[in-house]
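Here the structure comes first, spelled out in structure tokens, and everything after it is commentary.
The values are calculated or read from the model by the stated rules, or taken from the named source; none is laboratory data. All values reported here derive from a predicted model rather than from experimental measurement. All Cβ positions, even for glycine, are placed from backbone atoms using ideal geometry, and neighbour counts span all protein chains on display. Please note that ligands, DNA and RNA were not included when accessible areas were found on the heavy atoms of the full protein model with its side chains. Shrake-Rupley method; radii C 1.70, N 1.55, O 1.52, S 1.80 Å.
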Amino acid sequence: MARLTYYGHSAFMLELDGKKILIDPYLSNPMSPVKPEDITDVDLVVLTHGHGDHLGDAITILKRVKHAKAVAIFELANYVGEQIGDPSRAIGGNIGGPMHVDGLKIALTTATHSSPYGAPTGVVIMGEEGRVYHAGDTGVHMDMMLIGEIYKPHIALLPIGGHFTMDPVEAAKAVELLKPKVAIPMHWGTFPVLYGKPEDFKKLVEEKGLGTEVVILKPGESYEFKF
Ligand code: NI
Ligand code: MN
């Protein structure tokens with residue numbers, strides 16, 4: 001079984017095809033049940049963009065877990081490689097054309113947002129046990145239709161907090177474009193400015209009658225799957 005564990009904000013541990021993949025590891029967020037030093041084993045640290053609440057504790061973790069590799073857009077990967085003093089452990093790619101890493105396919109996707117290092121992205125991580133799309137920080141955009149058609153993600157992790165990203169109304173539209181089997185809300189509740197509520201997102205998706213199951217994970221909870 002593959003497993004997704006939510007650490008609050010946009011941070012997840014994805015266990016897929018025997019690999020441990022940490023996505024946007026801002027583990028010092030106030031909702032997180034784990035601390036950066038609790039992460040002792042990880043294979044890949046995938047970063048959607050360079051904002052502090054996504055790059056998070058990646059540098060600290062990569063410095064300590066010496067076999068772990070970072071995966072991100074070219075400019076952000078270069079920055080991380082410099083910071084950890086080992087460019088060979090920072091895999092830089094770009095949007096489209098999945099990278100082949102550790103037996104997985106990893107595609108960076110468009111995100112309508114900003115970033116201090118290169119373009120902001122989402123990411124689709126594809127393995128034998130399933131395909132997971134983490135949207136990063138983004139507004140809703142029509143490329144989500146292409147992401148749905150080409151990569152066919154089973155699970156979509158979507159920001160719903162508003163202000164910096166989609167709110168529940170926009171994220172429900174994203175579900176309509178992506179057509180995943182499961183949608184999991186993220187980037188909510190960490191700070192008062194993030195007003196979007198996961199229950200509102202769930203209700204809006206259900207009202208559309210798309211057949212997508214909305215799974216609300218509280219920080220520390222996991223979702224197991226095999227598609
Ligand atoms: Ni951001
Ligand atoms: Mn963010």
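Brief remarks follow.
- Annotation note: Cβ proximity below 6 Å between a residue of region 90-115 that is assigned to a loop (DSSP other than H, G, I, E, B) and a residue that is modelled with pLDDT of 95 or more and open to solvent by 40 Å² or more (accessible area, probe 1.4 Å) (sequence gap 6+ or interchain) occurs for N94/F74; P98/K105; D102/K19.
- Region 206-227 residues that are within 18 Å of E129 (Cα to Cα), paired with ones that are assigned to a strand (DSSP E or B) and open to solvent by 40 Å² or more (accessible area, probe 1.4 Å) (beta carbon under 6 Å, 6 or more apart): S222/R3; E224/R3
- Single match in V123, V45 (criterion: modelled with pLDDT of 95 or more, under 19 Å from I21 (Cβ atoms), of a type in the set (V, I, T) and more than 16 Å from ligand 1 (Cβ to nearest atom)): V45
- Yes/no for G81 being under 27 Å from D57 (Cα atoms), within 15 Å of ligand 2 (Cβ to nearest atom), modelled with pLDDT of 95 or more and out of contact with any Phe, Trp or Tyr (no Cβ under 9 Å at 6 or more places or on another chain): no
- Condition met for I95 (under 22 Å from M166 (Cα atoms), among the aliphatic types (A, V, I, L, M), modelled with pLDDT of 95 or more and open to solvent by 20 Å² or more (accessible area, probe 1.4 Å)): yes
- Any hit, region 53-64, residues being touching a residue at least 40 places away in the same chain (Cβ under 8 Å), more than 14 Å from ligand 1 (Cβ to nearest atom) and closer than 20 Å to A135 by Cβ: no
- The residues of region 119-146 that are under 22 Å from A70 (Cβ atoms) and either assigned to a helix (DSSP H, G or I) or within 16 Å of ligand 2 (Cβ to nearest atom) (or both), listed by number, are A119, P120, T121, G122, V123, H134, A135, G136, D137, T138.
- Considering residues of region 174-190 that are part of a helix (DSSP H, G or I) and aliphatic (A, V, I, L, M) only, the residue nearest to ligand 2 (Cβ to nearest atom): A174
- If you filter region 186-209 down to residues that are at negative phi and buried (at least 21 other Cβ atoms within 10 Å of the Cβ), you find that the one that is farthest from the chain's Cα centre (by Cα) is V205.
- Listed by first and then second residue, the pairs with beta-carbon distance under 6 Å, at least 6 apart or on different chains, first residue in region 121-150 and of a type in the set (G, A, S) and open to solvent by less than 10 Å² (accessible area, probe 1.4 Å), second part of a loop (DSSP other than H, G, I, E, B) and at pLDDT below 95, are G130/F227.
- Once region 151-173 is narrowed to residues that are of a type in the set (V, I, T) and assigned to a loop (DSSP other than H, G, I, E, B), the residue that is farthest from L108 (Cα to Cα) is I160.
- Residue within region 67-80 that is without any contact (Cβ under 8 Å) to a residue 24 or more places away in the chain, over 23 Å from L158 (Cβ atoms) and among the charged types (D, E, K, R) present: no
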